[in-house]
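Undergrad: The structure that follows is given in the form of structure tokens.
The values are calculated or read from the model by the stated rules, or taken from the named source; none is laboratory data. Remember, it's a predicted structure, so these values are computed and weren't measured experimentally. When we count neighbours, we look across all protein chains shown, and the Cβ atoms used for this are built from the backbone with ideal geometry, even at glycine. Accessible surface areas use protein heavy atoms only, side chains included; no ligands, DNA or RNA. Shrake-Rupley method; radii C 1.70, N 1.55, O 1.52, S 1.80 Å.
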Amino acid sequence: MHHLPAVSVLLPFLFAIMIILFSRRVIVIKVLAVVGSFVSLAVVAAMFPALMSGETLGTGIPYLTFPLPISFRADSLSIFLALILSFCYLLATIYSLGYMGHSHAPERYYSLLVASQGAIVGVFMAYSLIGLFLFFEIMAVLSFLLVIHEEDEPAMFSGSKYLFMTVGAGLAVFFGLVVTYYLAGRLDFVPGGYITQSSPYAAYALFAFLAGFGLKAGMFPFHIWLPDAHPAAPAPVSALLSGCMIKTGAYGIIRVIHFVYGLDVVRAISFDRVLMVLAVITILLGSALAMQQDHLKRRLAYSSVAQIGYVLLGISLLTERAMFGALFHIFSHALMKGTLFLCAGAIITQTGKKYISQLAGIGYQMPVVMISFTIAAVTMVGIPPFNAFISKWHLAVASLETGQSALVALLVLSSLLNAVYYFPIVINAFFSNENKSVKTSFIRDEVPASMIWTTALMALLCVGFAFIYPNWPVIAASNIASAIF
Amino acid sequence: MDGLTTVLWQPAVSIIVLLTASLFIWVIGEKGEKAVTAISASAITAALLFLAPLSPYVLAGHVQVIRYSILPPFGLSFRVELLSISLALLFLFTGLVLTFYTGAYPLESGKRRFRTVFLFVLACSVGVVLAGDLLSLFLFFEAMSLSFFILVIHNREQETISATFKFLYMTIGGSVMYFIALAAVFNQAGELAWRDGGIMTAGGPYTLLAFIGFVVAFGMKAGMFPLHLWMPDAYGQAPAPAVTLSSMIMLKTGAYGILRITHHIFGIDLLRDVSWHNYVLVLAVISILYGSSCAFATRDLMRRLAYSGIAQLGYITLGITMLTPDALTGGVYHIMAHAMMKGTLLLCAGAILAKTGKRNIDDLAGIGWKMPFTMICFSIAALTAVGLPPMNIFISKWHLGLGALDAGQPLLLVVLLISSMLNAAYYLPIAIAAFFGERNHDLHEKLSWDRLPLGMSLSIVVLTVGCLAFGLGQINIPLQWARAITAGFFY
């Protein structure tokens, strides 16, 4: 049991190496990729009892030596996030079988995909800031290579933009790490934090972390890489970037302000205020820019900017309920934005259409995909019983509890904007009056089965958890939130 | 080992073995490449085997000064201590790696001359770090610098010759400054040997003169702004093995000299009193920013690497002149880290140059499909240079950063980060364009292996492993040594 965190990190890397070694036949590569992704998910899922009991797993065996050794450990926060994101990885890997069916360099694509799953689990399982940083950087390099997979001009440009901005983010985190180590002489995680003295150095470190992790998360004003990188990447990779990788930034901020620095320090330097202001700007800016986009994936990318703003807002309120909202929103956003990107990929595969204005009547050509899209879009708006309702509800209540009633108006406004930029796509897809000549009877989606069913499953899960008892994401998120405060 | 009572013979014998071997190469040189490589390699290995057993002795903190009554009036002396031995071992090891590379490198003519001088320079650089006083160091330093010009001028083209003369005149200028400084030190202190805490007792015009003299002499070797002018030209013109020798070994003797005079001639108490070290620190910061910016601007691969070397040596100088233990650990560790990183990059650049004749960065697009092995090693070294964990340079930057905070200078940490960013900006595009991009698409089919001579591939692999390996193990031996060296200076 206590070996599981280390195993869950190393296993995907092992599979990635195997994919490179046995890259002669494409079928072997695909099988290895899916099996590797599934086995890693299974290992993470095996830690489920610890998630519910709140136990911390880990052997304490140190690895590597650079300034401080790392040892893999997992508390419920790590397991919760690792579980959700590994699941998204598995679906995206299966989806890739269809989407990347005839793409060049399959061995490169699949090995990177599986390895990046290991890196992202490593971010959560390396139970110290230094280990987090290590896997953060590995993930950055791997996801860069995934973003540029198409190797055309836009992909190279936006990939390089992403790479250099992430390297900058890594250096900001490095700055924070050195200062933190200088202040405390340690970099592990302790609930409640261990730096309790506010000082200028602590402020430098915290804001450096904010810049570094915020960039990763796509927070204003560091969001500019995101709308370029998401559309340029292959669809499954966009789904993972948006659903999983940007969440590691939010995770880093949670770890820093609750497990390294004490809340007193955070309040003393008004870190929470700054984060809140930036989160509000991120939400509004993301929604406003999303409305203007005609390119479907760009619209989804800007929408991700807005949605990560919710998570950051939840973190910035510094209450248990808000933290619950933030954690649950990580979960619900991973599923719904994953679904939307997978739908966008399916549309491109079948019709080659990338712009929203071209999508009139597409619901009749691709019913399953567009129904999935609709479910995810409705979830996005936050209507009960869909997942995002729960997170938005708790965020709203938490705002009232902390006396920030203006934030409720913000949440309502943003939900409205969500509706404004998602519903027209859906309506246009099914009830278009432009091209009546197009068939108005449903035909079957003509994309590979692996794409349809992963998309449909993900869409189903956007709402499915409301009907399952016990609703474990709710229980887990509330356990974690109450453990943090 | 009962080294305290017996006089250690190893330093002198090691250098004599190396010098004899270089003479021997000159005598039999035209007989065959393989024999030359074998002789060089066995001489260097012998020196390694002589010096390596001394490491437990010096790690325990023992110091021994060995004095020979030759070279009147002061005599020749060696000093066996941790700093000297560890640098000597590093130089010998990298020299050994480089010997195999040079053996396989296609030099057009004058191989005998090149290989002889190559070994001679290596021997002198080992002498520099083992020397026990300022005068012995001067002797080896001069011999090293002056003979290095033979390696630079190797191609004998018009630009080569002007680059060499630039190097030569600057070196001689440095020597003159060293000589003046030597006289000033002797005038003030009456002796020239290293001593803990320094031999200069008071600040004053003569002391300042000595300080300036040493900084000019060593700073020039270390490529410190504004004395770096020889470097880009010499790097652009000299054959790759000579450039690598300079980067991995010769530049480090400059940094070593600054370290020595800081702690063993002037002493940190005196320097803190008069705060002259701050001038050097400012120059180091300028070197870092200037070197990185120039590297970013230039399109010639070798020149880019040269400018990057100016910046990297700035890190080491910065680590020395911050006068805090962590920073010194970082600086000393960076000597090793930079040798591995820049060695890999230069050897890869040399391999590209030898194989394709391309040196302009714009021409290197798609080179990764023709020389995948070389470019993979290049990419790893490039990532190391940016300071990604767990590679070497992360560790040195980490300690430099801690030292900067210790000195109350968080801005210096920001300088390091800006430079890292620039490193990313000028190395990573080379690696990216080598493998990816639309115009490389049709190259995927034509993937061919590098077909480098064994010696070249082997030496590139060894140095690449050196970039990666030390952060991965349970114990990081170079870091432990760097810490022990620092502990010897800050007691």
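Undergrad: For B:LEU208 and B:ALA487, calculate 0.36 nm times their separation in residues minus their Cα-Cα distance, and state this gained length in nm to one decimal.
TA: So the chain would gain 97.7 nm between B:LEU208 and B:ALA487.
Undergrad: Can you give me the distance in nm between label points at A:GLU153 and B:TYR279, each placed 7 Å from the Cα along the Cα-to-Cβ direction?
TA: 5.4 nm
Undergrad: Angle, helix A:367-381 long axis vs. longest principal axis of chain A, Cα atoms, 0 to 90°, nearest 10?
TA: Approximately 40 degrees, to the nearest ten.
Undergrad: Say the dipole of the protein assembly as shown comes from +1 at the beta carbon of Lys and Arg and -1 at that of Asp and Glu; which of B:GLY75, A:VAL114, B:PHE149 then lies farthest toward its positive end?
TA: A:VAL114
Undergrad: Taking GluC sites (Glu not before Pro) as candidate sites, keep only those in a DSSP loop with at most 12 other Cβ atoms within 10 Å, then name the longest stretch of chain A containing none of them.
TA: In chain A, the maximal stretch lacking such sites is A:1-433.
Undergrad: For B:THR6, A:THR166, give the ranking by accessible area with the largest first, probe 1.4 Å. Each step should come with its number before you reach the end.
TA: On the way: B:THR6 75, A:THR166 0 Å².
Highest to lowest solvent-accessible surface, that is B:THR6, A:THR166.
Undergrad: Per residue of chain A, what 222 nm ellipticity follows from adding -39500 (n - 2.57) for every DSSP H run with n ≥ 4, rounded to the nearest 500?
TA: -24000 deg cm²/dmol
Undergrad: On to the next question. Work through the residues other than A:GLY325 whose Cβ is under 14 Å from its Cβ and net out their charges, Lys, Arg +1 and Asp, Glu -1.
TA: 0
Undergrad: With all protein chains present, calculate the accessible area of B:VAL13 using a 1.4 Å probe and round the result to the nearest 10 Å².
TA: Approximately 50 Å² of B:VAL13 is accessible to the 1.4 Å probe.
Undergrad: Here is a follow-up. What does the C-alpha gyration tensor say about the overall shape of the stretch A:40-123? Classify as rounded when a/c is under 1.5, otherwise prolate if a/b is larger than b/c, or oblate. Write down the numbers at each step before the final one.
TA: Numbers: a/c = 3.87, a/b = 1.60, b/c = 2.43.
It is oblate, given that a/c is not under 1.5 and a/b is not larger than b/c.
Undergrad: Not counting the cut sites, what is the longest span of chain B without GluC sites (Glu not before Pro) that DSSP labels loop and that have at most 16 other Cβ atoms within 10 Å?
TA: It runs B:192-491.
Undergrad: Magnitude of the Cβ-charge dipole of the stretch A:211-290, K/R +1 and D/E -1, about the Cα centre, nearest 20 debye?
TA: Dipole about the Cα centre, nearest 20: 100 debye.
Undergrad: For the full complex of protein chains and a 1.4 angstrom probe, list B:VAL58, A:VAL412 by accessible area with the highest value first.
TA: Final ranking, largest accessible area leading: A:VAL412, B:VAL58.
Undergrad: Classify the stretch B:71-135 from the C-alpha gyration tensor, please: rounded if a/c falls under 1.5, else prolate or oblate depending on whether a/b exceeds b/c.
TA: Oblate, since a/c reaches 1.5 and b/c is not below a/b.
Undergrad: Could you compute how much accessible surface A:ILE427 exposes when probed at 1.4 Å, giving the result in Å² to the nearest 10?
TA: 90 Å²
Undergrad: Could you go through the stretch A:332-338 in sequence order and give the Karplus-derived ³J(HN,Hα) for each residue, using 6.51 cos²θ - 1.76 cosθ + 1.60 with θ = phi - 60°, rounded to whole Hz, and x for Gly and Pro?
TA: 5, 5, 4, 6, 6, 6, x
Undergrad: Enumerate the aspartates and glutamates that A:LYS161 could reach by cross-link, defined here as Cα to Cα under 18 Å, with residues fewer than 8 away along the same chain left out.
TA: Leaving aside aspartates and glutamates fewer than 8 places away in the same chain, those within reach of A:LYS161 are A:GLU137, A:GLU150, A:GLU151, A:ASP152, A:GLU153, A:ASP228, B:GLU438.
Undergrad: OK, next. When only Cα pairs under 8 Å and 6 or more residues apart are kept, what is the percent relative contact order across the stretch A:263-385? Intermediate results must be reported in sequence, preceding the final value.
TA: Working: 116 pairs, mean separation 26.8, N = 123.
Result for the stretch A:263-385 is 22 percent.
Undergrad: In addition: Given a Förster distance of 51 angstrom, what is the FRET efficiency for A:ALA419 paired with B:ILE477, based on the Cβ-Cβ distance and rounded to 0.05?
TA: So the FRET efficiency works out to roughly 0.25.
Undergrad: Would you kindly derive the ³J(HN,Hα) couplings of the stretch A:344-355 from the backbone phi angles with the Karplus curve 6.51 cos²θ - 1.76 cosθ + 1.60 (θ = phi - 60°), listing them in order in whole Hz, with x for Gly and Pro?
TA: 4, x, 5, 4, 5, 4, 7, 10, x, 8, 10, 10
Undergrad: If the cut-off is 17 Å between C-alpha atoms, which aspartates and glutamates fall inside it for A:LYS392, apart from same-chain ones fewer than 8 positions away?
TA: The qualifying aspartates and glutamates are A:GLU320, A:GLU401.
Undergrad: Okay, moving on. Tabulate in residue order the Karplus-calculated ³J(HN,Hα) for the stretch A:13-28, using 6.51 cos²θ - 1.76 cosθ + 1.60 with θ = phi - 60°, rounded to whole Hz; enter x for Gly and Pro.
TA: Computed from phi, the couplings for the stretch A:13-28 are 5, 4, 5, 4, 5, 4, 4, 5, 5, 9, 8, 4, 10, 5, 5, 5 Hz.
Undergrad: Quick check: with the 1.4 Å probe, what order do A:THR196, A:THR379 take by accessible area, largest first?
TA: A:THR196, A:THR379
Undergrad: Rounded if a/c is under 1.5, else prolate if a/b is larger than b/c, else oblate: which is the stretch B:279-491, with a ≥ b ≥ c the root eigenvalues of its Cα gyration tensor?
TA: Prolate, because a/c is 1.5 or more and a/b exceeds b/c.
Undergrad: If you roll a 1.4 Å probe over the heavy atoms of the protein chains, what accessible area per residue do you get for the protein assembly as shown, in Å²?
TA: With all protein chains present, the protein assembly as shown gives 33 Å² per residue.
Undergrad: Work out the FRET efficiency for A:PHE485 and A:VAL274 from their Cβ-Cβ distance, taking R0 = 22 Å, and round it to the nearest 0.05.
TA: 0.60
Undergrad: Can you compute the charge dipole magnitude of the stretch B:328-463 about its Cα centre, using +1 on each Lys and Arg Cβ and -1 on each Asp and Glu Cβ, nothing else charged? Give it in debye, rounded to the nearest 20.
TA: Numbers: 9 positive and 7 negative charges, 56 e Å.
The calculation lands at about 280 debye.
Undergrad: Could you compute how much accessible surface A:THR349 exposes when probed at 1.4 Å, giving the result in Å² to the nearest 10?
TA: Surface accessible to solvent at A:THR349 totals approximately 60 Å².
Undergrad: Quote the total accessible area buried by chains B and A together, excluding ligands, DNA and RNA, probe 1.4 Å, nearest 100 Å².
TA: Summed over both sides, the interface buries about 3200 Å².
Undergrad: Also, quick follow-up: Applying 1/(1 + (r/R0)^6) with R0 = 45 Å to the Cβ-Cβ distance of A:ALA288 and B:ILE161, what FRET efficiency is obtained, to the nearest 0.05? Present the calculation step by step, with values, prior to reporting the outcome.
TA: Numbers: r = 64 Å, r/R0 = 1.42.
Here the calculated transfer efficiency is 0.10.
Undergrad: Can you compute the modelled spin-label distance between B:ILE172 and A:ILE17, with each label point 7 Å from Cα toward Cβ, in nm?
TA: 5.7 nm
Undergrad: Next question, about the same structure. Run the numbers for A:ILE427 and A:VAL412: contour at 0.36 nm per residue of separation, minus the present Cα-Cα distance, in nm.
TA: Length gained between A:ILE427 and A:VAL412: 3.2 nm.
Undergrad: May I pose another question? Roughly how many percent of the accessible protein surface of chain B is carbon and sulfur, given a 1.4 Å probe and a whole-percent answer? Walk me through the intermediate numbers first.
TA: Values: 11120 of 16680 Å².
Of all accessible area on chain B, carbon and sulfur atoms account for 67 percent.
Undergrad: Along the positive direction of the dipole of the protein assembly as shown (beta-carbon charges: Lys, Arg +1; Asp, Glu -1; about the Cα centre), which of B:VAL282, A:ALA346, A:ALA459 reaches farthest?
TA: Working it through, the farthest residue towards the positive pole turns out to be A:ALA346.
Undergrad: Another question, if that's okay. What number, rounded to the nearest 500 deg cm²/dmol, is the helix-based mean residue ellipticity at 222 nm of chain B, given -39500 (n - 2.57) per DSSP H run of at least four residues and division by all its residues?
TA: -23500 deg cm²/dmol
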